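Beneath this line is the structure, given in structure tokens, with notes to follow.
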Amino acid sequence: MKNKGLLITSALALIIAAAGIQILPDQVPVHFGVSGEVDRIGSKFEVFIFAAIIILTAVIGIFIRRNFEANSNKAQDEKTAAHAAGNAKISGIICTMINLVMLGIEIIFIVMGFNGVQSLQGSSGELYCSVMCVLFGVLFTILGNIVPKLKMNGLLGLRTTWSMKNEEVWARSQRMSGTVMFFGGVAIILAGIVLRGLPSIITAMIIILVVVAVTVKGSHQIYTDWEKEQNNG
């Protein structure tokens with residue numbers, strides 16, 4: 001089954017959410033302040049928000065995969081067909097990895113809600129933020145290894161005015177992007193381990209913004225270098 005990973009994560013999200021509301025108290029902590037203190041209490045049914053996000057990601061992933069598969073079937077040559085088929089497979093992997101991270105966060109939400117508000121003050125609230133950082137950092141490192149495998153397309157990967165010029169610039173841009181994402185992911189993991197509470201989340205957001213800026217700038221530089229190579233050749 002082509003979309004097995006997406007379907008399994010969607011089913012697990014619903015099963016875990018349904019099981020979660022059976023053991024959770026009616027009111028659970030859903031947000032923590034700078035110091036790790038619980039600053040918002042919500043309904044236990046908010047756990048289904050995670051399930052909804054996971055299912056939406058799965059739907060988007062299936063749509064993207066089918067789009068690539070359609071392009072592969074309509075391709076006029078074997079190379080283009082192979083590239084589109086490869087992208088279809090990679091798109092499923094990417095969306096499945098995103099869903100696995102969201103599943104981890106969903107489980108953490110249930111565990112912390114089950115422990116109760118009083119036990120989640122201070123250090124436990126900070127731990128929640130740190131674990132989320134680590135999970136997203138792991139996701140970035142995985143994506144950093146996957147992105148370079150993408151062939152030129154209009155849906156996934158580092159798509160800039162420059163990277164879309166030709167396949168050579170695209171390939172170089174994706175390799176650069178993958179490297180930056182990988183090390184950005186490592187930095188996010190370290191932020192989650194070393195820092196606590198909101199500072200870890202803020203640091204992770206800053207790292208993500210830096211990754212975006214560096215990859216976009218890098219894509220422009222790669223195209224500039226490619227142009228020089230063509231002119232000198």
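Where a number appears in this text, it was derived from the coordinates with a stated rule and is not lab data. Model, not experiment: these values are computed from the prediction. Neighbour counts run over all protein chains shown; Cβ positions are idealised from the backbone, glycine included.
Here are some notes:
- Degrees separating the helix 78-115 axis from the principal Cα axis of the chain, which is the longest one: 10 degrees
- Helix content alone sets the calculated 222 nm mean residue ellipticity of the chain: runs of n ≥ 4 DSSP H residues at -39500 (n - 2.57) each, divided across all residues, give -26500 deg cm²/dmol.
- In this structure, the residue pairs whose Cα-Cα separation is over 19 Å, taken from Lys165/Lys217; Lys4/Lys74; Lys165/Lys228; Lys4/Lys89, are Lys4/Lys74.
- The protection proxy used here, the mean number of other Cβ atoms lying within 10 Å of each residue, ranks peptides 139-150, 201-212 as follows, highest first: 139-150, 201-212.
- The angle between the Cα long axis of helix 47-74 and the longest principal axis of the Cα atoms of the chain comes to about 20 degrees, rounded to the nearest 10.
- The HN-Hα couplings worked out from phi for the range 207-223 by the Karplus form 6.51 cos²θ - 1.76 cosθ + 1.60 (θ = phi - 60°) are 4, 4, 5, 5, 4, 4, 5, 5, 5, 5, 4, x, 4, 5, 5, 4, 5 Hz, whole numbers, x standing for Gly and Pro.
- Karplus (6.51, -1.76, 1.60) ³J(HN,Hα), θ = phi - 60°, over the range 16-27, in Hz, Gly and Pro reported as x: 5, 5, 5, 5, x, 5, 6, 10, 7, x, 4, 10
- Nonlocal amide H pairs with Gly42, under 5 Å, H built at 1.01 Å: Val28, Val30
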